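To start, the structure under review is shown below, and the notes come after it.
The values are calculated or read from the model by the stated rules, or taken from the named source; none is laboratory data. Computed from a predicted model, the values in this text were never measured in an experiment. Here the Cβ positions follow ideal geometry from the backbone for every residue, glycine too, while neighbour counts run over all protein chains shown. For accessibility, only protein heavy atoms count, side chains too; no ligands or nucleic acids. Shrake-Rupley method; radii C 1.70, N 1.55, O 1.52, S 1.80 Å.
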Amino acid sequence: MASIPFNFIMLLSLSISTLATSSATDSLREACEKTPEPEVCVESLSVYSESETADIHELKILSVRATTHWANDTSNLIRLNMDKLNNTTPIPLQECLVDCSQGMTDAISVLQNLSNAINAKKLSDIDAYVTQTYMDTATCSNSCKGDDMVIKLIVEMTNNIAKLGKITLAFAKLDEEDKH
């Protein structure tokens, strides 16, 4: 009896694994296409291995997780730069950091409430919490003006949080439609 070369078996296993991952990624892409920010959706959710097999409800939860991750990272960036404030810090950066500090703290608190609303399956609460998170991050973005690299980064990060909020809302609505 001829033996099958080990390399062939490994290649076959790898091919099957790659095909499974590819179709799972395709289903994530298909789900993300139903959101207002498909590229951000795929980019942000594909970092979670469970997104490969997640249904809409699970993707909704992952989108809140991604939003919370971005909010925490933004808050940490703000806090790090707040610690460095002194009388030589440019005024636009000072204003940005001060205004964003409280806004991001509020956004993180609201995101915890959002997670609770999703667990309780309260769509109207989900909408209200996403709207509140958007307002908190918009206040931050609007107060950050200037060419400073930190300001640009904070604005980019808060804009991403807002986009993820839109994604969460889209998944919440799709999840609700699936139940009817």
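Filtering the range 135-162 to residues that are over 25 Å from residue 91 (Cα atoms) and open to solvent by 70 Å² or more (accessible area, probe 1.4 Å) leaves nothing. How do the pairs read when you match residues in the range 153-180 that are modelled with pLDDT under 90 with residues anywhere that are hydrophobic (A, V, I, L, M, F, W, C) and not in a helix (DSSP H, G or I), using Cβ under 6 Å and keeping only pairs 6 or more apart or on different chains? Final answer for the pair search is none.
Test residue 89 against the stated conditions and say whether it is touching a residue at least 12 places away in the same chain (Cβ under 8 Å) and polar (S, T, N, Q).
For residue 89, the condition - touching a residue at least 12 places away in the same chain (Cβ under 8 Å) and polar (S, T, N, Q) - is not met.
Scanning the range 145-170 for residues that are under 21 Å from residue 76 (Cβ atoms) and either hydrophobic (A, V, I, L, M, F, W, C) or touching a Gly at 6+ places or on another chain (Cβ under 9 Å) (or both) yields 149, 150, 151, 152, 153, 154, 155, 157, 158, 161, 162, 164.
Set side by side, the residues 49, 101 differ, and just one is modelled with pLDDT under 95 and exposed (fewer than 14 other Cβ atoms within 10 Å of the Cβ), which is 49.
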